[in-house]
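Some notes on the structure that comes next.
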Amino acid sequence: MTAKLDPTAFRNLDIQAGEDGVWIVTLNRPAKRNALDIATIEELITFFSAAPRAGVRAVVLAGAGDHFCAGLDLIEHHDADRSPADFMHVCLRWHEAFNKMEYGGVPIIAALKGAVVGGGLELASAAHIRVMDDSAYVALPEGQRGLFTGGGATIRVSDLVGKSRMIDMMLTGRVYKAAEAVDLGFAQYLAEGDSYDMALRLARRAAENLPLSNFAICSAVSHMTNMSALDAAYAEAVVAGVVNTQPDARARLAAFADKSAARVRPDE
Ligand code: 1HE
């Protein structure tokens, strides 16, 4: 079962398909600091729903301009003057997009710079790897705006850095700059140069893995951390049963056995 992805069908996202299966998805409203309006969320759903069945082997998720993402489109939200039920449905669409990302099975590497705030941090947290450069900073300004997180921060941001840190950020508007943010666990990498270059390198490396392995890594781990330990152990065994016996893995195992495969070394 395959899906088609037409890069020209997107307006708020710039989509570039790489020949190596690494696709570049760029939030493309730099004049609005890539704030997430409804149309952008719908495009994220469209892209990440199809990606696992469209031959996408890895994604670099980036932002156009100086900022990754300014979070919820506050102007759209203000102008729409939404009812509670309306905004609940908005949040459910955000969850649809971000769950498709986290559980979809395609590695997503976020290239972070400038503001990664509010819903922008929620979006970044749904990626599997986050790379920051020196310009990046994270914050949850919801408290100051009279809002609350609605795009999964209570789940993913607290998972990354803990409940008490998240609550402090929301109460006080605390901002963490890149180096400290990486130390605390908001991102796995601090790039010396451009976060995009490093994210692309990492995405290309991940794309060399077998797709079924990556599917398990970028889906099963998240599912299993939602389960009891007993159920997770069972599910892990089932997933490993499928992944670890895949025919495509035999050549890789044979290469290890005949000593032609690269060894695991600290400096490679
Ligand atoms: C926006 C948004 C936005 C910028 N919605 N339009 N998020 C926030 O509270 C962050 C709000 N944004 C900012 O703090 C700043 O804009 C930035 C630090 C990201 C960038 O600053 P700067 O000086 O480069 O840009 P700017 O002059 O503030 O904004 C440039 C334009 O982008 C301007 O539009 P213009 O038409 O007047 O030129 C801004 O209005 C627009 N813009 N950010 C809409 N967020 C599911 S619940 C999630 C809840 C949240 O995410 S709350 C956090 C919201």
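Here's a check for you: in region 61-85, which residue that is of a type in the set (A, V, I, L, M, F, W, C) and within 7 Å of the ligand (Cβ to nearest atom) is farthest from the chain's Cα centre (by Cα)? My answer is ILE75.
Only one of the numbered conditions (1) within 16 Å of the ligand (Cβ to nearest atom); (2) within 21 Å of TYR196 (Cα to Cα); (3) among the aliphatic types (A, V, I, L, M); (4) buried (at least 21 other Cβ atoms within 10 Å of the Cβ) is violated by ALA31, and that is (4). Scanning region 224-236 for residues that are among the small types (Gly, Ala, Ser) and surrounded by 10 or more Cβ atoms within 10 Å (Cβ to Cβ) yields ALA232, ALA233, ALA235.
Of the strands (runs of 3 or more DSSP E) entirely within region 96-171, those holding at least 2 residues that are within 13 Å of the ligand (Cβ to nearest atom) occupy 115-117, 137-139. In the set VAL182, VAL175, only one residue is among the β-branched types (Val, Ile, Thr), crowded, with 19+ Cβ neighbours inside 10 Å and in the same structural domain as PHE48 (by TED's automatic domain parsing); that residue is VAL182. Evaluate the following for SER125: is it under 25 Å from ARG201 (Cα atoms), surrounded by fewer than 24 Cβ atoms within 10 Å (Cβ to Cβ) and of a type in the set (S, T, N, Q)? So SER125 does not fit the description; no.
Yes/no per residue for (1) of a type in the set (Asp, Glu); (2) within 27 Å of CYS91 (Cβ to Cβ); (3) surrounded by fewer than 16 Cβ atoms within 10 Å (Cβ to Cβ):
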| position | (1), (2), (3) |
| --- | --- |
| TYR137 | no, yes, no |
| GLU142 | yes, yes, no |
| GLY146 | no, yes, yes |
| THR149 | no, yes, no |
| ARG156 | no, yes, no |
| GLY162 | no, yes, yes |
| ARG205 | no, no, yes |
| CYS218 | no, yes, no |
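Among the residues of region 61-96, the ones that are surrounded by fewer than 16 Cβ atoms within 10 Å (Cβ to Cβ), among the charged types (D, E, K, R) and closer than 21 Å to GLY114 by Cβ come to 1 in all.
Each row is one residue, and each column tells you yes or no for (1) under 28 Å from THR26 (Cβ atoms); (2) loosely packed, with under 13 Cβ neighbours inside 10 Å; (3) outside the structural domain of ALA62 (by TED's automatic domain parsing).
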position: ARG165; (1), (2), (3): no, no, no
position: ASP168; (1), (2), (3): no, no, no
position: GLN188; (1), (2), (3): yes, no, no
position: GLU192; (1), (2), (3): yes, yes, no
position: PHE215; (1), (2), (3): yes, no, yes
position: SER222; (1), (2), (3): yes, no, yes
position: ALA240; (1), (2), (3): no, yes, yes
position: VAL243; (1), (2), (3): no, no, yes
position: LEU253; (1), (2), (3): no, yes, yes
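The values are calculated or read from the model by the stated rules, or taken from the named source; none is laboratory data. Being a predicted model, the structure only gives us computed values, none of them experimental. Reconstructed Cβ throughout: ideal geometry from the backbone, glycine too, with neighbour counts over all protein chains shown.
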